[in-house]
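Report on one structure; see the data block that follows.
The values are calculated or read from the model by the stated rules, or taken from the named source; none is laboratory data. Treat the numbers as computed from the prediction; the structure is a model and nothing was measured. Here the Cβ is made from the backbone with ideal geometry for all residues, glycine too, and neighbour counts use every protein chain on show. Just the protein is used for accessible areas: all its heavy atoms, side chains included, with ligands, DNA and RNA removed. Shrake-Rupley method; radii C 1.70, N 1.55, O 1.52, S 1.80 Å.
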Amino acid sequence: MTTYFNEMYQGKSVRPPYARLEDWMKSMPAELRHMKQAEAEALFRRIGITFAVYGEGGDPDRLIPFDMFPRVFTSSEWSRLERGIKQRARALNAFLVDVYGRGEIIRAGRIPSRLVYQNAAYEKAVAGFRPPKGVYSHIVGIDLVRTGPDDFCVLEDNCRTPSGVSYMLENREIMMRMFPDLFRENRIQPVEQYPELLRRTFASVAPDKCDGEPTVVILTPGHFNSAYYEHSFLADLMGVELVEGQDLFVEGGFVWMRTTEGPRRVDVIYRRIDDAFIDPLCFRPDSMLGVPGLMDVYRSGGVTICSAPGAGVADDKAVYTFVPEMIRFYLGEEPILQNVPTWQCGKSDDLKYVLEHLAELVVKEVHGSGGYGMLVGPKSTKDQVEAFRARIIADPGNYIAQPTLALSTTPTFVAEGIAPRHVDLRPYCLVGERIELVPGGLTRVALTEGSLVVNSSQGGGVKDTWVLAE
Amino acid sequence: MLLTVDHVTRYRYDQPVRGVVQSHRLTPSVFDGQRVVSWSIVVSDASRGAQFRDGAGDALQSWTVKGPVSSVEVRVQGTVETHDLAGVLRGHRETVPPDAYLRDTPATAADLALRDLSAAAKGAEGPLAAAHALAAAVADAIAYRPGVTEARTTAAEALALGEGVCQDHAHALIAVARAAGLPARYVSGYLFADKTGTPHEAAHAWAEIHVSGLGWVGFDPANRCCPDARYIRLGSGFDAQDAAPIRGVARGPGHEALNVSVTVTETAAQAQSQQ
């Protein structure tokens with residue numbers, strides 16, 4: 001029987017970060033709770049925040065359930081997480097600068113060349129180009145799970161355009177409106193400075209050719225995109241223009257924005273469209289979303305694109321295994337946050353272990369996604385395990401295996417009252433001239449009892465995430 | 001040789017367009033096999049944009065034409081001194097690692113027939129011999145015949161047809177080389193058609209295969225040879241689209257008509273009697 005770390009209760013005693021929440025919880029009878037829950041939903045609807053997180057698809061107008069019970073970290077828990085997250089963000093960026101430069105880590109034999117240079121996310125078009133301040137990934141979203149008081153594992157890195165940060169901000173906003181007393185009783189570190197830090201991060205990577213205050217824009221694929229709300233929300237909070245490809249054009253080695261007062265030069269573009277679509281003259285010629293000629297301006301130093309084209313090569317499933325190696329290689333440090341141990345069935349020793357422990361492991365297809373072609377050992381019947389065993393033996397190179405992670409739980413409001421539910425965490429690390437991390441992130445919660453799947457498409461919700469002051 | 005190029009590309013729009021943006025790879029590569037004596041690119045009514053050299057060593061130049069405009073003319077004129085290096089791209093500076101060219105694109109993906117053809121490399125002694133064997137196999141399998149294929153024809157389709165032009169030969173050679181584990185890429189340039197041989201197409205394309213120890217080596221299956229002093233190299237890419245000398249977008253509903261003329265002539269060296 002697996003034991004799960006409960007972030008609030010250790011036996012009958014309450015862990016310190018949640019000390020003040022027990023009274024609050026008890027002071028809420030079911031009726032009041034239902035009223036508050038309805039109020040929260042009304043607020044979310046009024047704001048219009050209904051988009052799907054992480055490109056999971058599904059109904060874009062569906063509200064993601066918000067759970068009012070906050071998830072809480074102490075400042076010392078957070079400071080270790082913070083060091084680990086920043087360390088990882090630095091290493092990932094060092095890796096990107098390296099593989100588009102001299103490729104030292106590959107020459108040193110620490111990462112196979114094939115994983116990098118034959119990766120679909122490797123962009124030959126930017127080889128040899130060093131973006132301003134040597135930053136490729138300006139917003140690194142790192143998905144973490146907790147398995148014990150001091151044990152955090154990184155599930156995956158998101159180096160391109162991690163979404164969901166608007167939930168972090170909105171969840172806080174709504175909690176403060178509904179429970180002002182809670183925020184007087186607990187000393188909670190703010191997250192509201194995130195948009196300003198984001199703007200400063202972008203301004204700090206403006207190209208050398210920019211003189212004066214940099215003009216920053218957000219480039220969106222348009223209002224049909226599931227994250228359009230987040231694009232306009234962030235543009236609003238940063239005080240920058242939200243543009244589509246057709247609002248921009250290139251001329252004379254620069255990018256310009258059409259405005260009612262005539263063209264205005266753009267220095268930094270926070271793009272929320274994929275590499276393949278940003279410039280039909282460099283990538284997909286049929287793209288209608290991008291700006292023709294943008295990549296030529298970028299590569300000649302006339303504009304900065306965030307995240308830098310090509311950043312995706314650092315957040316690939318196969319490259320993930322090597323992030324601890326990157327930390328040692330570039331920073332000369334030991335990783336503060338651990339990866340989930342991963343067995344490559346293509347290696348004979350690993351395969352032997354996997355076949356012997358199949359009933360305990362999660363086995364995934366290397367290129368699979370969305371839970372297809374996957375075995376969750378502990379939740380499968382003997383027949384299912386045996387059928388999967390045959391598939392692995394037939395094509396071992398196509399499978400990786402990981403231990404079934406014991407995701408921590410936090411108290412969550414459910415129909416029957418309050419019950420523990422499994423959670424994960426996505427903090428958003430900003431990388432520009434400086435590295436910044438606001439104390440918080442997006443906590444996703446699996447609302448179904450016993451479920452370890454936090455995806456909103458499979459019954460997941462979100463929570464406010466608190467980091468207490470010292 | 002001293003080769004002089006005159007290359008004119010005309011775009012006509014049946015309705016005036018609001019503007020045109022182009023990205024050019026129209027400047028001869030810098031390597032030991034060629035030296036630019038003179039070179040000019042003129043684009044009608046256009047302003048120059050970004051200019052830089054990319055990681056593959058190609059010189060890129062953007063242009064913007066403000067609308068309304070109903071035709072755009074790109075004229076390239078220049079003279080290049082060339083040397084026969086037996087196809088070896090010696091002295092070329094680039095940062096893209098050869099392994100990056102092991103990746104398939106839709107145009108160069110190997111189907112079963114291309115994989116079978118790549119068996120020509122088996123038993124060859126070393127990668128250079130393998131590359132020669134592959135180039136010969138492609139030349140044997142695809143006969144030169146203009147008009148049967150089009151710009152979007154893939155390597156697999158061209159092999160199935162058994163006919164094609166230099167673009168199809170290059171795509172097929174890239175596909176079989178990659179299938180045999182050799183990095184390969186598409187090269188665009190010019191070719192001087194002399195009196196003795198029968199080379200095809202003055203605006204030309206061929207493939208380069210990376211041979212460890214030698215570096216990139218050009219192979220032109222269309223003419224069953226390696227590029228020599230008759231060739232001028234412009235730029236490279238994964239396939240024809242990626243290596244295109246001109247990529248452009250016109251804003252507006254108008255339909256585009258394209259007209260290209262290329263001549264490559266030999267300029268006699270003006271020998272002076274020395275007494």
Residue pairs meeting the criteria (Cβ under 7 Å; at least 6 apart or on separate chains; first under 24 Å from residue A:300 (Cβ atoms) and touching a residue at least 24 places away in the same chain (Cβ under 8 Å), in region B:9-24; second open to solvent by less than 30 Å² (accessible area, probe 1.4 Å) and among the basic types (Lys, Arg)): B:22/B:247; B:23/B:247
Members of region B:51-80 found to be under 19 Å from residue A:292 (Cβ atoms), at the interface with chain A (Cβ under 10 Å from one of its Cβ atoms) and of a type in the set (Gly, Ala, Ser), listed by number: B:62
Odd one out for residue A:201 among (1) hydroxyl-bearing (Ser, Thr, Tyr); (2) under 23 Å from residue A:256 (Cα atoms); (3) part of a loop (DSSP other than H, G, I, E, B): (3)
Residue A:331 vs. criteria among the aliphatic types (A, V, I, L, M), surrounded by fewer than 17 Cβ atoms within 10 Å (Cβ to Cβ) and modelled with pLDDT of 95 or more: yes
Output for region A:283-314, where each listed residue is open to solvent by 20 Å² or more (accessible area, probe 1.4 Å) and either more than 10 Å from chain B (Cβ to nearest Cβ) or not in a helix (DSSP H, G or I) (or both): A:283, A:284, A:285, A:286, A:288, A:289, A:292, A:300, A:301
Contacts under 9 angstrom Cβ, first residue in region B:203-223 being farther than 16 Å from residue B:56 by Cα, partner in a loop (DSSP other than H, G, I, E, B) and among the hydroxyl-bearing types (Ser, Thr, Tyr), 6 or more apart: B:223/B:198
Residue that is most open to solvent (accessible area, probe 1.4 Å), among those in region A:123-149 that are among the β-branched types (Val, Ile, Thr) and away from chain B (no Cβ under 14 Å): A:147
Filter pass, residue B:177 being out of contact with any Pro (no Cβ under 6 Å at 6 or more places or on another chain), touching a residue at least 12 places away in the same chain (Cβ under 8 Å) and assigned to a helix (DSSP H, G or I): yes
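Each row is one residue, and each column tells you yes or no for (1) in contact with a Ser or Thr (Cβ under 7 Å, 6 or more places away or on another chain); (2) under 16 Å from residue B:178 (Cα atoms); (3) of a type in the set (Asp, Glu); (4) surrounded by 15 or more Cβ atoms within 10 Å (Cβ to Cβ).
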| residue | (1), (2), (3), (4) |
| --- | --- |
| B:94 | no, no, yes, yes |
| B:119 | no, yes, no, no |
| B:122 | no, yes, no, no |
| B:127 | yes, yes, no, yes |
| B:140 | no, no, yes, no |
| B:143 | no, no, no, no |
Where residue A:375 falls short, out of the listed (1) assigned to a helix (DSSP H, G or I); (2) modelled with pLDDT under 90: (1)
Residue B:30 vs. criteria in contact (Cβ under 8 Å) with a residue 24 or more places away in the chain, β-branched (Val, Ile, Thr) and in contact with a Gly (Cβ under 9 Å, 6 or more places away or on another chain): yes
Filter result for the condition that a residue is assigned to a strand (DSSP E or B), under 19 Å from residue A:204 (Cα atoms) and within 13 Å of another protein chain (Cβ to nearest Cβ), over A:250, A:255: A:255
Restricting region A:148-185 to residues that are of a type in the set (Ser, Thr, Tyr) and out of contact with any strand residue (DSSP E or B) (no Cβ under 6 Å at 6 or more places or on another chain), the residue that is nearest to residue A:462 (Cα to Cα): A:166
Options A:251, A:213, A:261, A:241: the member that is open to solvent by 40 Å² or more (accessible area, probe 1.4 Å), touching a Ser or Thr at 6+ places or on another chain (Cβ under 7 Å) and more than 30 Å from residue A:466 (Cβ to Cβ): A:251
Region B:146-170 - residue that is of a type outside the set (S, T, N, Q) and in contact with a Leu (Cβ under 9 Å, 6 or more places away or on another chain) and, of those, most open to solvent (accessible area, probe 1.4 Å): B:148
Single match in B:104, B:84, B:99 (criterion: surrounded by fewer than 20 Cβ atoms within 10 Å (Cβ to Cβ), within 14 Å of chain A (Cβ to nearest Cβ) and outside any helix (DSSP H, G or I)): B:104
Whichever residue in region B:107-117 is surrounded by fewer than 21 Cβ atoms within 10 Å (Cβ to Cβ) and of a type outside the set (Gly, Ala, Ser) and, among such residues, is nearest to the other protein chains (Cβ to nearest Cβ): B:115
Failed item in (1) of a type in the set (D, E, K, R); (2) surrounded by fewer than 21 Cβ atoms within 10 Å (Cβ to Cβ); (3) without any contact (Cβ under 8 Å) to a residue 60 or more places away in the chain, with residue A:279 passing the rest: (2)
Strands (runs of 3 or more DSSP E) completely within region A:409-470 that count 1 or more residues being more than 19 Å from the chain's Cα centre (by Cα): A:409-414, A:417-426
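Table: residues versus (1) outside the structural domain of residue A:152 (by TED's automatic domain parsing); (2) out of contact with any Leu (no Cβ under 9 Å at 6 or more places or on another chain); (3) farther than 30 Å from residue A:403 by Cα.
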| residue | (1), (2), (3) |
| --- | --- |
| A:264 | yes, yes, yes |
| A:281 | yes, no, yes |
| A:287 | yes, yes, yes |
| A:299 | yes, no, yes |
| A:304 | yes, yes, yes |
| A:318 | no, no, no |
| A:328 | no, yes, no |
| A:336 | no, no, no |
So residue A:79, is it of a type in the set (Ser, Thr, Tyr) and either open to solvent by 10 Å² or more (accessible area, probe 1.4 Å) or at pLDDT below 95 (or both): yes
Condition met for residue B:125 (out of contact with any Phe, Trp or Tyr (no Cβ under 9 Å at 6 or more places or on another chain) and away from chain A (no Cβ under 14 Å)): yes
Criterion: assigned by TED's automatic domain parsing to the domain that holds residue B:252 and touching a residue at least 12 places away in the same chain (Cβ under 8 Å) - qualifying residue of B:95, B:64: B:64
In region B:231-269, residue least open to solvent (accessible area, probe 1.4 Å) [restricted to those that are modelled with pLDDT under 95 and assigned to a loop (DSSP other than H, G, I, E, B)]: B:254
Subset of region A:91-122 that is part of a helix (DSSP H, G or I) and of a type in the set (Lys, Arg) - its residue that is most open to solvent (accessible area, probe 1.4 Å): A:107
Selection count where residues are over 24 Å from residue B:242 (Cα atoms) and not in a strand (DSSP E or B), scope region B:1-31: 1
